[in-house]
Amino acid sequence: MKWLCVVSMLSGLAISPVFAQESSATQGIYAQERDAFVSNLMKQMTLEEKIGQLRLISVGPDNPKEAIREGISKGQIGAIFNTVTRPDIRAMQDQAMQLSRLKIPLFFAYDVVHGQRTVFPISLGLAASFDLEAIALSGRVSAQEASDDGLNMTFSPMVDITRDPRWGRVSEGFGEDTWLVSKIAKVMVDAYQNGDPSKPGSVMASVKHFALYGAVEGGRDYNTVDMSPLRMHQDYLPPYKAAVDAGSGGVMVSLNSINGVPATANPWLLKDLLRDQWGFKGITISDHGAIKELIKHGVAQDARDAVRLAITSGVDMSMSDEYYDQYLPGLVKEGLVAESEIDRACRDVLNTKYDMGLFKDPYNHLGPVGSDPQDTNAESRLHRAEARVIARKTMVLLKNDKQALPLQKQGTIALIGPMADSQRDIMGSWSAAGVVKQSITVREGLQNAVGDKASILYAKGANITQDKSIIDYLNEYETAVAFDTRSPQQMIDEAVKIAKQADVVVAVVGEAQGMAHEASSRADITIPQSQRDLIAALKATGKPLVLVLMNGRPLALSWESEQADAMLETWYSGTEGGNAIADVLFGDYNPSGKLPMTFPRSVGQIPIYYNHLNTGRPFGKENPGKYTSRYFDSPNGPLYPFGYGLSYSQFALSDFKLSSPEMARDGKITASVMLKNTGKYNGATVVQLYVQDVTASVSRPIKELRNFKKVTLRAGQEQRVELPITEDDLKFYNASLKWGAEPGKFNVFVGLDSDNLQQQSFSLK
């Protein structure tokens, strides 16, 4: 029933009044009322109380509950993060309302990135669905569960564009394509906030990490970013702007520097661009401990100087550190920080709380006393049906030779691999309040699917890695990875013995979830050698070999693709991951996912992405030439391109045409193509449309995604698919950073991935 309720809720998004644009008059009245309320409140506040509103702290060893209670009573705390149960949140809100002088409510925030209690596939997986409704549903369920836990804000969506899979936080984002990630950014903000973040079932979004965090040099987390203004505006800033335009109430400031200036001390970024140019009216929040880090960045002499830089640059709330509280009063007294800066930041915080509905009802997401769930982690609170439906849409079939898949629910299946029975790994990183023991492993999923119709034989086969230093690194804060002390050969021997008894071998390999997380950059993005040794041994048995990949980034899989008969990319698929993977492996669901990020052949190709700029000496597949932009020691191009993904069926495109050879200014043309399911299975695929600006005032990408449509067809069915193109799809930033379309010739491509395309052309007048 929950599933049906959520679907109904989702289907009403487009027509619900809360999603409609309010009239300017209504918005004006609301703004006036809020301004009057906040102005009156601020007149009653001391400087110290205003500064207290700028502190966002976490409960932990550095901030025990007793110290927090004292801080709340003195008006020294504005918000709390990392507290995720209603009783704990209610107790702290009670303290604010009962002990503080002005009784200003707290707000409560958490990293709800791909689910709260119910964990959905990681964001990169969600993007692979190419299904905006499914992504919206994951956001709505996440918001509902977060709100039910008493939370007011999520530090999400993460919309950093990245083209470097060495960066561990690739898993947290939606891939390499600016246009697609911008679409998803809006969808997620709408899903979280649902028109009104104050309502039960909604939370305020805080888009992150502003800005350019995914462009860190060397793919190394927290590293510097050096980028031309043109690339910044064209490729990296649009998703943040899309989130802001969608009404995101918060913006989290990134940890990296941009052209030498840390984002936390960057007034151009936080004031000129975000506020003045984009019109952002919400709250800016530093990342964890970022103000302290200005000293190590080398732009602040000491803690006091760091605080001065952050507040004057436009950072409203300080996450985690105590520096604002310690140094701002003195800086104001000495005239080094104008009190107007404090007032501005305090007003942003109080406006946010007003928008959260907390001044009307400080307990609006908590409900009345006595309504807290008896069991916070109760099974009844999960949305398993939604998680399973969404998870299977995210899986990408990379290879399927000899019709190795789908599997038959009969005979004997060998299930082998270090993550085949791992509840922790299938949840992925940033799994919020998800409970490990509630997640379904691949082993459980396969067993659930076959019942007594087939035999499932299991062996671990290998550790994630034999490198003890990596295991220790992954287990630094939690025992996330179990290390089997048997010798690698003993484990392989056991796996081979089982494989020889089976009709088919399914090996679950890849990365432990902690290997694709914050602070988890990898110099080598291959599968660890311990698992490669296992794959080689399984291949040597001669049995059909299916690789189920579990990972949070594109991996270099050239060798693995040669060994496997079939490869299924499952990412980290969440609470219902095991059941969803089984659905796909046995053909109860025909895979339809497409890659939202390019898979390289080797780390040496990085960065590799489909929408790169032209070069004067382009590499040509048919006539490569020596003096062209190429590698001479490796095949050029990706192993698996952006937009790639197979099906158990086959699809063919034909009769591609444009409605007109010319487009007028402010006009539209329609690309149409005949899509036919030529295979034996009912299934879905994604028809993709790319555009190339052939000649422009600046060099433009060889192609850019500008539309797509996911289409479901029965075996043998065909359908004409129409994809409109407007002038907006042709606009870009020129060398003067002016936004617009230039007249001339445009190539239009359609295909089922970004590499295999059919072409037509038109002119913009």
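Entry note, region 180-288: relative contact order of 30 percent, from Cα contacts under 8 Å with a spacing of 6+ residues. Candidate values [x] 1.04; [y] 0.97; [z] 1.31 were compared with Rg/Rh (Cα atoms, Kirkwood Rh) computed on the shown model; the agreeing label is [y].
Look at where the Cα atoms of region 142-209 and of region 478-531 average out, and the two centres are 31 Å apart.
Between region 402-452 and region 691-707, the alpha-carbon centres lie 42 Å apart. Please give, to one decimal in nm, the separation of the simple spin-label points placed at residue 709 and residue 524, each 7 Å out from Cα toward the Cβ. Using points 7 Å along Cα→Cβ, the separation is 4.7 nm. A dipole drawn for region 445-522 from +1 and -1 charges on Cβ atoms has a positive end, and of 502, 449, 490 the residue lying farthest that way is 502.
Residues 174, 749, 120 in ascending order of nearby Cβ atoms (within 10 Å, fewest first): 749, 174, 120. The charge dipole of the chain, taken about its Cα centre with unit charges on the Cβ atoms of Lys, Arg (+1), Asp and Glu (-1) only, comes to about 1460 debye. The stretch between residue 340 and residue 47, if pulled fully straight at 0.36 nm per residue, gains 104.4 nm over its current Cα-Cα span. Fewest-first ordering of 336, 415 by other beta carbons within 10 Å of each residue's beta carbon gives 336, 415.
If you place +1 on the Cβ of every Lys and Arg, -1 on the Cβ of every Asp and Glu, and leave all else neutral, what size is the dipole of region 651-764 about its Cα centre, to the nearest 20 Debye?
Values: 15 positive and 13 negative charges, 59 e Å.
Here the size comes out at about 280 debye.
Full extension of the chain segment joining residue 476 with residue 742 gains 90.4 nm, where the gain is 0.36 nm per residue of separation less the Cα-Cα distance. Simple rule: put +1 on each Lys or Arg Cβ and -1 on each Asp or Glu Cβ in region 658-710, find the dipole, and look at 708, 697, 681; the Cα lying farthest toward the positive end is 681. Per-residue ellipticity at 222 nm from helix content only, as computed over the chain with -39500 (n - 2.57) for each DSSP H run of at least four residues, stands at -8500 deg cm²/dmol. Taking other C-beta atoms within 10 angstrom as a stand-in for reagent exposure, 702, 390, 492 fall in the order 702, 492, 390, fewest first. For the chain, the relative contact order is 13 percent, taking Cα pairs closer than 8 Å that sit 6 or more residues apart in sequence and dividing their mean separation by the residue count. DSSP beta bridges confined to the chain are antiparallel in about 55 percent of cases. Taking the charge dipole of region 322-386 about its Cα centre, with +1 at Lys and Arg Cβ atoms and -1 at Asp and Glu Cβ atoms, the residue from 376, 328, 354 reaching farthest to the positive side is 354.
Sparsely packed loop sites in region 458-530 (the trypsin sites (Lys or Arg not before Pro) outside DSSP H, G, I, E and B with at most 16 other Cβ atoms within 10 Å) comprise 486.
The angle separating the long axis of helix 132-148 from the principal Cα axis of greatest extent in the chain is about 40 degrees. Averaging the Cα positions of each part gives two centres, and for region 349-391 and region 573-647 these lie 40 Å apart. Sequence-distant contacts, meaning Cα pairs under 8 Å at least 6 residues apart, place the relative contact order of region 651-764 at 31 percent.
Coordinate-derived values only; no laboratory data. Just so it is clear, the structure is predicted and the values come from calculations on it, not from any experiment. Neighbour counts run over all protein chains shown; Cβ positions are idealised from the backbone, glycine included.
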